[in-house]
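To start, the structure itself, in structure tokens.
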């Protein structure tokens, strides 16, 4: 899906946090250690690669995305996982979004994702 969209990390939210695991839920950004999403709430987890590499998502560098969707089953919730790599193959990080009450990842729309990540992340669609 290269060049079709870009996930933008708000520099105001991420500059000092990009190198460590973070949780987004109900438009709030918290460290992995302090996050307490409500039971059944949608949430996303940012899992960075090495801090120096992860910081590249804050720049204008081209990012290659691999998106994997998983539908709810007996073992796990519906999820959308976005793996981010540089164009030269360096792993930058992974954004795992979990939607416990969605039966299918296909039913998760942009508005629902925005209610989870708030202004901390955005998606830019390229023409």
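Name all residues of region 57-101 having a backbone nitrogen under 20 Å from the label point set 7 Å from the Cα of residue 26 along its Cα→Cβ direction, giving them as ranges.
97-101
If R0 is 41 Å, what FRET efficiency do you get for residue 87 and residue 33 from their C-beta distance, rounded to 0.05?
0.80
Nearest 0.05, what FRET efficiency do residue 115 and residue 64 give at R0 = 35 Å with Cβ-Cβ as r?
Plugging the Cβ-Cβ distance into 1/(1 + (r/R0)^6) gives 0.80.
Explain nothing, just the number: relative contact order of the chain, from Cα pairs under 8 Å at least 6 residues apart, as a whole percent.
34 percent
In nanometres, what is the gap between the two model label sites at residue 72 and residue 16, each 7 Å from Cα along Cα-to-Cβ?
Result: 3.8 nm between the two label points.
Under a GNM of the chain (C-alpha, springs under 10 Å), which listed residue has the highest mean-square fluctuation: 95, 103, 24?
Looking only at 95, 103, 24, the biggest GNM fluctuation is shown by 103.
FYI, it's all coordinate maths here, none of it is from the lab. Everything numeric here is computed off the predicted structure, so don't read it as measured data. Because the Cβ atoms are built from the backbone with ideal geometry, glycine has one as well, and the counts that use them run over all protein chains shown.
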